[in-house]
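The values are calculated or read from the model by the stated rules, or taken from the named source; none is laboratory data. Everything quoted here is computed from the prediction, not taken from an experiment. Here the Cβ positions follow ideal geometry from the backbone for every residue, glycine too, while neighbour counts run over all protein chains shown. Side chains are part of the model used for accessible areas, which takes the heavy atoms of the whole protein and leaves out ligands, DNA and RNA. Shrake-Rupley method; radii C 1.70, N 1.55, O 1.52, S 1.80 Å.
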Amino acid sequence: MINVAKIREDFPILKRTVHGKPLVYFDNAATSQTPQVVIDTIVAYYSNYNSNIHRGVHTLSQEATDKYEEARIKVQQHFNAKEAYEIILTSGTTHSINMVAAGFETLLKKGDEVIVSALEHHSNIVPWQMLCEKTGTVLKVIPMLENGSLDMNSYHKLLNERTKLVFCNHVSNALGTVNPIEEIIEAAHKVEAAVLIDGAQATPHIKPDVQALNVDFYVASAHKLCGPTGVGLLYGKQEWLEKLPPYQGGGEMIATVSFEKTTYAGLPHKFEAGTPNICGGIAFGAGLDYMNAVGFENIASYEHELLVYGTQELLKIEGVKIYGTTAEKTAVISFNVGEIHPYDIGAILDKLGVAVRTGHHCAQPIMDFYQIPGTVRASFSFYNTKEEIDVFITSLKRAVMMLS
Ligand SMILES: *Cc1c(COP(=O)(O)O)cnc(C)c1O
């Protein structure tokens, strides 16, 4: 059970007002808010042991190194990776995907095929298009269905011995659809294709087990997990991380350097060139600790209650159409009201203190499918309440009245 009143005390930002109204923050799918323990971790880092890691013999450097490597182990345990060195700390989901895409440049040849889903965020489309252009690889798309799910029959037909890679999100950020990634991974492995799962939108609600999933790559961002921006992870199976060439050259990623020949460091350092986001990595660990203390089962069941309540109340408003109506959904509601432009609704809601996202949500192909310019997206987190949903609904009614 979630004690939401107590949880809200942990998030200082939830006490602020916007345009004189109490903030109702329903843009959690874009980024989560930050609990005090994570803020304290950031302050403690810069106040007490700010230092560069791994190469220093002095005390501060050792303390920072220990905390940073402890954070890597927290991430490893959270995702149940077999080894800590299978966790590469990156600047976030986008960075992680680009690393894998760049790595595959040397492993793909003309005529090979890769498969993407129609439900992807642009960050899980564009790097692969760039890769295909460079290598002559063919990009195939798993189509979507009207309810916002993937057409799995088509997926199975797309797979063949030329398929080398499949990439798909675990949960769609635009619609909230939870994709059947177990089935996607298992089928891809039958044709010996590798699978990358974009977990940026799933991880705030679901605790993934990368070993049970038997996934080859899994990526996510800390800032959607109560952590800071600019840090995230690339999980890769050891055999894959060893196969891929380094992404960037620089300090930290080498074993020895001379002008004749440089040899690369082992995992994870091979993929972590330069000074990383040390404070961010440590705070990432603190965010995971916080969410695990709340408990992912508690989070999922409470957010589901908010989703059901929000959907029910929203559908009472005339002209509301919800996009993404599968049974397996996270607490994301993407909708439009009649012909009103989503931006106009978002702007009025903001004046009333309610933060929602409007637009294409970095997923233009989904908007093209529905032939709409965008949607209003309300996304809930475990620190939101039914009372806030009531405020949102009342505010939305006012907006609709003003705009129609
Ligand atoms: C947020 C998000 C991304 C991008 O994450 P960044 O932190 O901006 O790199 C990618 N995919 C999905 C599904 C997302 O929700």
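Things worth noting here:
- Sequence ranges 280-287, 331-338, ranked by mean other-Cβ count within 10 angstrom, highest first: 280-287, 331-338
- Net charge dipole, segment 73-143: roughly 20 debye, given to the nearest 20, about the Cα centre with Cβ charges of +1 for Lys and Arg and -1 for Asp and Glu.
- For the set TYR370, TYR85, TYR155, solvent exposure ranked by accessible area (probe 1.4 Å, protein chains only) runs largest to smallest as TYR85, TYR370, TYR155.
- Inter-site label distance for THR229 and HIS341 at 7 Å from Cα along Cβ, in nm: 2.5
- The GluC sites (Glu not before Pro) of segment 245-324 meeting both criteria, a DSSP state outside H, G, I, E and B (loop) and at most 11 other C-beta atoms within 10 angstrom of the site's C-beta, are GLU260, GLU318.
- GNM remark for the chain: springs join alpha carbons under 10 Å apart, and the peak mean-square fluctuation among ASN173, ASN98, ASN52 falls on ASN52.
- Å² per residue, accessible surface of the chain at 1.4 Å: 43
- Between LYS21 and GLU387, the modelled label-to-label distance comes to 1.6 nm, taking each label 7 Å out from Cα in the direction of the beta carbon.
- Taking the accessible area of the chain, probe 1.4 Å, and keeping the other protein chains in place, the carbon and sulfur fraction comes to 53%.
- A Förster radius of 35 Å, combined with the Cβ-Cβ distance separating GLU192 from THR263, puts the computed FRET efficiency at roughly 0.70.
- Beta bridges per DSSP with both ends in the chain, % antiparallel, nearest 5: 60
- Note on ASN3 and LYS82: with the Förster distance fixed at 41 Å, the Cβ-Cβ geometry gives a FRET efficiency of about 0.70.
- Rough spin-label spacing in nm, given labels placed 7 Å along Cα→Cβ, for LYS321 and ALA255: 6.0
- Stretching the chain fully between GLU182 and THR275 yields a gain of 29.9 nm (0.36 nm per residue, less the alpha carbon separation).
- Across segment 39-292, the mean sequence separation of Cα contacts (distance under 8 Å, 6 or more residues apart), normalised by length, yields a relative contact order of 24 percent.
- Ranked by solvent-accessible area (1.4 Å probe, protein heavy atoms only, all chains present), the residues THR17, THR177, THR31 order from largest to smallest as THR17, THR31, THR177.
- Potential extension, THR106-ASN292 segment - 0.36 nm per residue separation minus Cα distance: 63.1 nm
- Cβ-Cβ FRET estimate between ILE206 and HIS122, R0 fixed at 22 Å, reported to 0.05: 0.50
- For the residue pairs LYS164/LYS329; LYS67/LYS207; LYS207/LYS329, the C-alpha atoms sit more than 20 angstrom apart in LYS164/LYS329; LYS67/LYS207.
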